[in-house]
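The block underneath contains the structure these notes are about, expressed in structure tokens.
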Amino acid sequence: MPQPPSPYDLLPEVPSFEVRSDDAADAQMLSMPQVSGIFGAGGEDRSPHLVWSGAPDGTQSYAVTCFDPDAPTGSGFWHWVVYDIEASCTELSSGAGDSEGSGLPAGAKQLRNDAGLYGYLGSAPPAGHGPHRYMFAVHALSVESLPITTDVSPAICGFNMFGATLARALVTPIYEQS
């Protein structure tokens, strides 16, 4: 079966910048702390460390998202959405995305993920479904604040980022359960 497209393949192309993580790397298996305990996969639902640099001039804020395009839902699965991260912030520590957002910078807000929970929900693909991609994206935005509230869906957040995204940086680890 072919892989579903990345949601970013369906949007206008934007430049990239650098993002890296002490906890995740492109095409490498996520560690157990970034796997879901809530969904019974044996992990800790701990958001990974992310650090970025090289965002374009004019960046006024950031949003950070995690999306699994391979989830067997017909629409993928949003694991994490954080927005209104001030432009001076260039790093989120491991665990910053707990349900209260206690490790996020002042002013940053989280949306409910596709499980209906605030904060980061770790990976938990169905056993035997093969490797899933977890697309951690840092979006450099041309606005200081998105005109949304924390009760909207990740899709509405994405809609409001449309046209305001100056650049996007991705790190895409994988995870599978046998």
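The values are calculated or read from the model by the stated rules, or taken from the named source; none is laboratory data. Just so we're clear, the structure is a prediction, and the values are computed from it rather than from any experiment. All Cβ positions, even for glycine, are placed from backbone atoms using ideal geometry, and neighbour counts span all protein chains on display. These area figures cover heavy atoms from the full protein model, side chains too; ligands, DNA and RNA do not enter into them. Shrake-Rupley method; radii C 1.70, N 1.55, O 1.52, S 1.80 Å.
For region 70-178, averaging the sequence separation of C-alpha pairs within contact (under 8 Å, six or more residues apart) and dividing by the residue count gives a relative contact order of 29 percent.
Sorted on the mean count of surrounding Cβ atoms within 10 Å across their residues, most packed first, peptides 92-101, 133-142, 2-11 read 133-142, 92-101, 2-11.
Note that region 22-178, at 37 °C in a medium of 0.692 mPa s, gets a Stokes-Einstein diffusion coefficient of 212 µm²/s from its Kirkwood radius over C-alpha pairs. Taking every protein chain into account, the accessible area of the chain amounts to 46 square angstrom per residue (probe 1.4 Å).
Multiplying the residue separation of residue 26 and residue 143 by 0.36 nm and removing their Cα-Cα distance gives an extension gain of 39.3 nm. Sequentially through region 63-76, phi angles give Karplus couplings (6.51, -1.76, 1.60; θ = phi - 60°) of 10, 10, 10, 9, 10, 10, x, 8, 4, x, 10, x, 9, x Hz, Gly and Pro residues having no value and appearing as x.
Where only DSSP H runs of four or more residues are counted, the chain gives -1000 deg cm²/dmol as its mean residue ellipticity at 222 nm, each run worth -39500 (n - 2.57).
Each Lys and Arg contributes +1 and each Asp and Glu -1, all at the Cβ; summed about the Cα centre of region 70-124, the dipole is approximately 120 debye. Annotation: for a label point projected 7 angstrom from Cα along Cα→Cβ of residue 115, residues of region 22-43 with backbone N closer than 12 Å are 34-43.
Couplings for region 44-51, taken from phi via the Karplus curve 6.51 cos²θ - 1.76 cosθ + 1.60 with θ = phi - 60°, read 10, 6, 9, 4, x, 5, 9, 9 Hz in order; Gly and Pro are left as x. PRE reach from residue 3 (point 7 Å along Cα→Cβ): which of region 112-143 fall under 11 Å by backbone N? Those under the cut-off are 131-135. Taking amide H as placed 1.01 Å from N in the peptide plane, the amide H of residue 29 sits under 5 Å from that of 174, each at least 5 places away or on another chain.
Considering only 147, 105, 131, the Gaussian network model of the chain with Cα springs below 10 Å gives its largest mean-square fluctuation to 147.
Charge dipole of the chain (Cα centre as origin; +1 on each Lys and Arg Cβ, -1 on each Asp and Glu Cβ, all else neutral): 200 debye, rounded to the nearest 20. For the chain, the share of accessible area belonging to carbon and sulfur comes to 53 percent (1.4 Å probe, ligands and nucleic acids excluded).
Potential lengthening of the chain between residue 86 and residue 51 amounts to 11.2 nm, from the contour at 0.36 nm per residue minus the alpha-carbon distance.
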